[in-house]
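Step one of this worksheet: look at the structure below.
The values are calculated or read from the model by the stated rules, or taken from the named source; none is laboratory data. These numbers come from a predicted model, not from an experiment. Cβ placement follows ideal geometry from the backbone for every residue including glycine, while neighbour counts extend to all protein chains displayed. Heavy atoms of the whole protein, side chains included, go into the accessibility calculation; ligands, DNA and RNA do not. Shrake-Rupley method; radii C 1.70, N 1.55, O 1.52, S 1.80 Å.
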Amino acid sequence: MVVVVDKNLPQIKLESIIDELNRFGFDVHKSTGEKYIILGALGVQPGFDIRKIKMLEGVVDVFRITEPYKLASKRFKAEKTIVKVNDIEIGGEEIIVIAGPCSVENENQIMKLAEVVKKSGAKILRGGAFKPRTSPYSFQGLGEEGLKLLRQAGDKVGLSVITEIIEPSHFELIEKYTDIFQVGSRNMYNYPLLKLLGTSKKPVMLKRGMSATIDEWLMSAEYILAGGNPNVILCERGIRTFETTLRNTFDVSAIVTAQEKTHLPVCADPSHAIGYRDKIIPMARAAVAAGTDALMVEVHHDPDNALSDGPQALLPEQLEQLMIQIKEIAKVIGRKI
Ligand code: PEP
Ligand code: MN
């Protein structure tokens, strides 16, 4: 249920509305908009008569949110969420580019790529230290050493960093090093992990599960929001369909649909969606044209010898090309890069 309250209502009266909602058994999440304060009253109280709240002083409107997700819904918060990462804003006018290797492999590799990424104009450096590999025999990441190297590389060139968390026991360790947590496609349904990330002050980029519907994806975001962390970025990374020519099917329409349903910023990851370097640039252009708030791509200076996802890694000169092209597209739709 959403309770719309007059923004000029004295604090003490606002608190009494919140107390009243608590008394009826609701958990209350507050969001302050331009004209109104929106109270999300969470919890199921069958047969609850919303007039009990409508009558209270300062309450402008009360309505039920019919979507299964509440805090993620635009009906709870109409204004777009801007996720702040150091001096970067994701969800604003600027489209933020995130680039880097699939995995941090060694110091030389990540330093070199941090320079490539910085030079390209991208704002965030990616690199996995704990890798969720399909095969247990594949490279699993450097662990803490990888986190340290990623942080050092980001700090050296002046880039924020993002890395993936694959299990709850790594939470404190990763939180120490990263600016943004990445939850991978394979972990979108890992509810204990999502609940834990709800307790963090750091932003979380939540990738869409490879077979998840948009509503399931938003329900996973809801876990993080309900835990108290409002800084969630959604990431479309391709879904499994009957089509097997490419690694996945890039659901460009999900960018638009997710933005219609939620106030959360949306990122697009054509690298994992497509899986082949020669098709990443056109699909990145499509994502920007569709209105993505951020774009994540993999890049490697020696992809033939990369320890993971070499075939989909852009070469450094391709990343430069990509940046030049998407800057032009961004202008056409009133955004900038
Ligand atoms: C990755 O970003 O390297 C990754 C493993 O992505 P996904 O979870 O989308 O497969
Ligand atoms: Mn990868």
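Here Ala294, Ala284, Ala306 are screened, and the one residue that is small (Gly, Ala, Ser), out of contact with any helix residue (DSSP H, G or I) (no Cβ under 9 Å at 6 or more places or on another chain), in contact (Cβ under 8 Å) with a residue 24 or more places away in the chain and under 16 Å from Val117 (Cβ atoms) is Ala294. For Asp278, the conditions (1) touching a residue at least 12 places away in the same chain (Cβ under 8 Å); (2) surrounded by fewer than 24 Cβ atoms within 10 Å (Cβ to Cβ) all hold with the exception of (1).
Of these, Arg237, Arg247, which one is within 25 Å of Asp309 (Cα to Cα), at pLDDT 95 or above and more than 15 Å from the chain's Cα centre (by Cα)?
Details: Arg237 fails: more than 15 Å from the chain's Cα centre (by Cα).
Criteria check complete, one pass: Arg247.
Count of the stretch 204-222 residues, restricted to those that are crowded, with 24+ Cβ neighbours inside 10 Å and not hydrophobic (A, V, I, L, M, F, W, C), is 3. Looking at the stretch 98-197, the helices (runs of 4 or more DSSP H) lying wholly inside it that each contain 1 or more residues that are of a type in the set (Val, Ile, Thr) and within 29 Å of Arg247 (Cα to Cα) sit at 107-120, 171-177. Within the stretch 58-72, the set of residues being in a loop (DSSP other than H, G, I, E, B), under 29 Å from Gln11 (Cβ atoms) and open to solvent by 60 Å² or more (accessible area, probe 1.4 Å) comprises Arg64 only.
Here Glu115 meets each of (1) within 22 Å of the chain's Cα centre (by Cα); (2) modelled with pLDDT of 95 or more; (3) not basic (Lys, Arg) with one exception, condition (1). From the list Ala122, Ala99, Ala129, the one residue that fits, being more than 14 Å from ligand 1 (Cβ to nearest atom), crowded, with 24+ Cβ neighbours inside 10 Å and closer than 22 Å to Cys235 by Cβ, is Ala122. Confirm whether Ile166 is open to solvent by 30 Å² or more (accessible area, probe 1.4 Å), within 16 Å of ligand 1 (Cβ to nearest atom), in contact (Cβ under 8 Å) with a residue 24 or more places away in the chain and among the hydrophobic types (A, V, I, L, M, F, W, C). So Ile166 fits the description; yes.
When you scan the stretch 48-100, how many residues do you find that are among the small types (Gly, Ala, Ser) and either in the same structural domain as Ser120 (by TED's automatic domain parsing) or in contact with a Pro (Cβ under 7 Å, 6 or more places away or on another chain) (or both)? Write out each step before concluding.
Of the stretch 48-100, the ones among the small types (Gly, Ala, Ser) are 58, 72-73, 78, 91-92, 99-100.
Keeping just the survivors that are either in the same structural domain as Ser120 (by TED's automatic domain parsing) or in contact with a Pro (Cβ under 7 Å, 6 or more places away or on another chain) (or both) gives 91-92, 99-100.
Summing the residues that are among the small types (Gly, Ala, Ser) and either in the same structural domain as Ser120 (by TED's automatic domain parsing) or in contact with a Pro (Cβ under 7 Å, 6 or more places away or on another chain) (or both) in the stretch 48-100 gives 4.
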